[in-house]
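Notes for the one structure printed next.
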Amino acid sequence: MLAVFFVCIAGSVYAVLAYILKKQKQQEKKMLEVEELSEALKLKSEALHDEHDSMKSLVTDISHQLKTPISALQACFSMYLEADSEKERTEFLTRRKICRIPYPAGSSRELPLRVR
């Protein structure tokens with residue numbers, strides 16, 4: 001009778017241990033999934049940060065490339081508007097003075113701007 005009792009207890013202990021091991025394996029699997037997702041999120045975050053830096057650099061480059069032509073246009077129109085008389089303005093237009101505006105993006109060509 002005592003032997004039967006120990007067999008029942010041993011069977012119950014075995015079942016509990018099997019259940020605990022099963023749950024432990026499930027938990028380890030979930031932890032591995034969480035680690036994988038965490039790593040993927042970290043990589044995506046780094047990629048977004050790099051993309052943000054690239055976009056910021058691009059906007060800065062465009063801004064700098066536009067400043068030179070815009071400054072040249074302002075100078076050209078300023079020369080026209082600051083002429084002392086209508087005769088000087090007419091002369092400015094009839095001589096077809098050309099304001100040279102550099103192309104953006106480092107091109108060595110220039111864009112002639114004729115004020116008419």
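Overview of results
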| read-out | value |
| --- | --- |
| Test: residue 15 is in contact (Cβ under 8 Å) with a residue 24 or more places away in the chain and in a helix (DSSP H, G or I) | no |
| Neighbours by Cβ (under 6 Å, 6+ apart or cross-chain): first from segment 59-71, surrounded by 10 or more Cβ atoms within 10 Å (Cβ to Cβ); second not aromatic (Phe, Trp, Tyr) | 65/104; 68/102; 69/101 |
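No value in this document is a laboratory result; all are computed from the given coordinates. In this text, all values refer to a predicted model and were calculated from it rather than measured experimentally. As a convention, Cβ positions derive from the backbone with ideal geometry for all residues, glycine included, and neighbour counts pool all protein chains shown.
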